[in-house]
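Report on one structure; see the data block that follows.
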Amino acid sequence: MESFEAEAESADSSPSFLQKRMVKAKTLLSQLTRHTDSPADAGRQAVMDLLQSQGTKLHSTLLVSLANQIKADPFMKIKKLIQDLIERLLQEAADEANQKGWCDKATADAKQKRDYAVEKVAELNGQSAELEATRDKLNEELEVLAVEIPDLETKQEEATSMRKEEKADNEAAVMEAEAGLEAVNDAIDILDKFYKTAAKESVDLGLVQGPLDDAPDSGFDNGEAYTGAGGEAGGILGMLDVIKSDFERTISVTNKAEKANQQEYQKFMLESSKSLAEKKMAEEQKIKQKDDAVEELSSADEDLRAQTDILKIAIKELLELKPTCIDTGMSYEERVARREDEIESLKKALCVLQQFQDYGPEGAANNC
């Protein structure tokens, strides 16, 4: 039986060819019975010829080996050899069917795992690319905000400092002008009252001793009362009125400028504070978005590594299955067909032996 272990490549067989070979084998069998010493020898020779011809046709070393094996075996042992070989082939068929089922399932599972991993890897690569682009864009925007926010805060500080200095200068100018105005008003009031009183003054000459002509020149007539620079009063008061107007204008212009400057400052602070709040809020949101993108990117990278590992495992499984399930020298269908042909040939050989045993050469030739 050891010589039956090797299997050969299969070959196509046609029913017409097998029928011709069987007719030829039966003819040969009839010829052999006339030249052999016993029906058993004739049966053995017929089986040998049948197995040899079928083995050659099917390229089956199993049948050829069996034909050579039975040359010296007793008649009954030959039947057992053939029966055992048929059972062995049937068991091999069952085992191979089980292996085929296992191979199909294992291959399908590995391919499904591979295809799913390929799909996920492509999806995760796309997701990672988008997340990287989002992260880079947010980094660029945050870099801009990192410059704009401090710059705006600096401008606010500078504007506030300038506003304080400007306000202090304006307040000092107004205070100085108001003090001057108050002094001018007091001077005008005093001079106005003086000139009005002096204008009514007169001199009592009844108490004067001696002639008035002897009196020294005082710049005004003897007996004339001093009424002040009455003729010049309008000039002095007019000058004071001009100074008063200058002080009043300074106060008005300074207060107006202060009001305008304060309004401009408040407008700038309002707009800049709004812009600053928006930028800080945007910065906070973008930092959160960037952190989320980085976290998602890290998760996607982990998933990508996991799916890549699954893909590698699936490919490795397919490569390991290839020698057992794919690269077997012939397809499963070809092996099944070859084995069925071998079993059919063995059954015919067994039939020939049985017919020789029961009916002799003529029975075997007519019934198998």
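The values are calculated or read from the model by the stated rules, or taken from the named source; none is laboratory data. Quick caveat: nothing in here was measured; it's all calculated off a predicted structure. With ideal geometry, Cβ positions are generated from the backbone for all residues, glycine too; neighbour counts draw on all protein chains shown.
Taking LYS193 as the residue in question, decide whether it is loosely packed, with under 11 Cβ neighbours inside 10 Å, of a type in the set (Lys, Arg) and in the same structural domain as LYS347 (by TED's automatic domain parsing).
no
Any chance segment 136-145 includes a residue that's within 30 Å of PRO323 (Cα to Cα) and either free of Cβ contacts under 8 Å to residues at least 12 places away in the same chain or in a helix (DSSP H, G or I) (or both)? Full working, then the answer.
In the first step, residues of segment 136-145 are kept if they are within 30 Å of PRO323 (Cα to Cα); the result is none.
No.
Looking at segment 85-98, is at least one residue crowded, with 16+ Cβ neighbours inside 10 Å, at pLDDT below 75 and closer than 22 Å to GLU342 by Cα?
Checking segment 85-98: not a single residue is crowded, with 16+ Cβ neighbours inside 10 Å, at pLDDT below 75 and closer than 22 Å to GLU342 by Cα.
Out of ALA177, ALA172, which single residue is farther than 30 Å from ASP292 by Cα and either basic (Lys, Arg) or surrounded by 12 or more Cβ atoms within 10 Å (Cβ to Cβ) (or both)? First the steps, then the outcome.
Values: ALA172 fails: either basic (Lys, Arg) or surrounded by 12 or more Cβ atoms within 10 Å (Cβ to Cβ) (or both).
When all the criteria are applied, what remains is ALA177.
Which condition breaks for GLU333 when tested against (1) surrounded by fewer than 18 Cβ atoms within 10 Å (Cβ to Cβ); (2) touching a residue at least 24 places away in the same chain (Cβ under 8 Å); (3) under 27 Å from ARG114 (Cβ atoms)?
Condition not satisfied by GLU333: (2).
Can you tell which of SER65, SER53 is closer than 20 Å to GLN355 by Cβ, hydroxyl-bearing (Ser, Thr, Tyr), at pLDDT 65 or above and crowded, with 16+ Cβ neighbours inside 10 Å? Reasoning before the result, please.
Details: SER65 fails: closer than 20 Å to GLN355 by Cβ.
Among SER65, SER53, only SER53 is closer than 20 Å to GLN355 by Cβ, hydroxyl-bearing (Ser, Thr, Tyr), at pLDDT 65 or above and crowded, with 16+ Cβ neighbours inside 10 Å.
Yes or no, residue by residue, for (1) in contact with an Asp or Glu (Cβ under 9 Å, 6 or more places away or on another chain); (2) not small (Gly, Ala, Ser):
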site	(1), (2)
ASP291	no, yes
GLU295	no, yes
SER299	no, no
GLU302	no, yes
ILE313	no, yes
GLU317	yes, yes
LEU321	no, yes
GLU334	yes, yes
ALA337	yes, no
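Residues that are over 19 Å from GLN285 (Cα atoms), exposed (fewer than 11 other Cβ atoms within 10 Å of the Cβ) and more than 25 Å from the chain's Cα centre (by Cα): does segment 136-148 have at least one? Let's see the steps before the verdict.
Within segment 136-148, the first condition is being over 19 Å from GLN285 (Cα atoms), and the residues that meet it are none.
Taking every residue of segment 136-148 in turn, none turns out to be over 19 Å from GLN285 (Cα atoms), exposed (fewer than 11 other Cβ atoms within 10 Å of the Cβ) and more than 25 Å from the chain's Cα centre (by Cα).
One residue is enough: does segment 155-164 have a residue meeting the conditions closer than 30 Å to GLY238 by Cα and in contact with a helix residue (DSSP H, G or I) (Cβ under 6 Å, 6 or more places away or on another chain)?
no
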